[in-house]
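Asks: The structure follows.
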Amino acid sequence: MQIRGVDLSKWQHGINISNLKKSGYEFAILRGGYTGFGNRGMNKDSSFEKFYDDAKKCGLHVGAYYY
């Protein structure tokens with residue numbers, strides 16, 4: 001059994017998630033945030049909320065990670 005998924009972060013900004021669903025993707029793993037270089041601390045991924053909303057609307061399963 002093969003299940004197709006995609007890893008999304010701000011670097012994929014502009015990707016059409018409904019097209020991913022139509023292409024057979026079943027889940028998205030989203031970068032929720034990351035630690036900056038030096039003393040910049042914890043940062044939220046700027047595309048997380050949009051990707052989350054779009055993925056849920058399309059019926060994709062959603063997971064998240066912190067980098």
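The values are calculated or read from the model by the stated rules, or taken from the named source; none is laboratory data. All figures in this text were calculated on a predicted structure; none of them were measured in a lab. For neighbour counting, all protein chains shown are included, and Cβ atoms are generated from backbone atoms with ideal geometry for every residue, glycine included. The protein model used for the area step is the full one, side chains on, heavy atoms only, and it has no ligands, DNA or RNA in it. Shrake-Rupley method; radii C 1.70, N 1.55, O 1.52, S 1.80 Å.
Asks: Quickly run through the range 24-45 and pick out the residues that are out of contact with any Ser or Thr (no Cβ under 8 Å at 6 or more places or on another chain), open to solvent by 70 Å² or more (accessible area, probe 1.4 Å) and at pLDDT below 95.
Replies: If the condition is that a residue be out of contact with any Ser or Thr (no Cβ under 8 Å at 6 or more places or on another chain), open to solvent by 70 Å² or more (accessible area, probe 1.4 Å) and at pLDDT below 95, then T35, F37, G38, N39, R40, K44 are the ones that fit.
Asks: Going by the structure shown, is K21 out of contact with any His (no Cβ under 7 Å at 6 or more places or on another chain) and surrounded by fewer than 16 Cβ atoms within 10 Å (Cβ to Cβ)?
Replies: Numbers: out of contact with any His (no Cβ under 7 Å at 6 or more places or on another chain): yes; surrounded by fewer than 16 Cβ atoms within 10 Å (Cβ to Cβ): no.
It is false that K21 is out of contact with any His (no Cβ under 7 Å at 6 or more places or on another chain) and surrounded by fewer than 16 Cβ atoms within 10 Å (Cβ to Cβ).
Asks: Suppose the filter is in a helix (DSSP H, G or I), open to solvent by less than 40 Å² (accessible area, probe 1.4 Å) and within 18 Å of R4 (Cβ to Cβ); does A55 pass it? Even if it seems obvious, please write down each step before you answer.
Replies: Details: in a helix (DSSP H, G or I): yes; open to solvent by less than 40 Å² (accessible area, probe 1.4 Å): yes; within 18 Å of R4 (Cβ to Cβ): yes.
Spelling it out, A55 is indeed in a helix (DSSP H, G or I), open to solvent by less than 40 Å² (accessible area, probe 1.4 Å) and within 18 Å of R4 (Cβ to Cβ).
Asks: I need the full set of residues from the range 1-16 which are in contact with a Ser or Thr (Cβ under 9 Å, 6 or more places away or on another chain), open to solvent by 90 Å² or more (accessible area, probe 1.4 Å) and either of a type in the set (V, I, T) or not in a loop (DSSP other than H, G, I, E, B) (or both), in order please.
Replies: W11
Asks: Select from the range 14-52 the residues that are among the charged types (D, E, K, R), in contact with a Lys or Arg (Cβ under 7 Å, 6 or more places away or on another chain) and over 21 Å from R4 (Cβ atoms) and list them in ascending order.
Replies: Passing the criteria: only D45.
Asks: I'm checking my understanding of the structure. Among residues of the range 21-43 that are aromatic (F, W, Y) and part of a strand (DSSP E or B), which one is farthest from the chain's Cα centre (by Cα)? Outline the logic, then answer.
Replies: So in the range 21-43, the residues aromatic (F, W, Y) come out as 25, 27, 34, 37.
Next, from what is left, pick out any that are part of a strand (DSSP E or B): 27, 34.
Details: F27: 9, Y34: 13 Å.
Taking the candidates together, the pick is Y34.
Asks: Sticking with this one: Going by the conditions given, is Y65 under 14 Å from the mean Cα position of the chain (by Cα) and buried (at least 16 other Cβ atoms within 10 Å of the Cβ)?
Replies: Details: under 14 Å from the mean Cα position of the chain (by Cα): yes; buried (at least 16 other Cβ atoms within 10 Å of the Cβ): no.
For Y65, the condition - under 14 Å from the mean Cα position of the chain (by Cα) and buried (at least 16 other Cβ atoms within 10 Å of the Cβ) - is not met.
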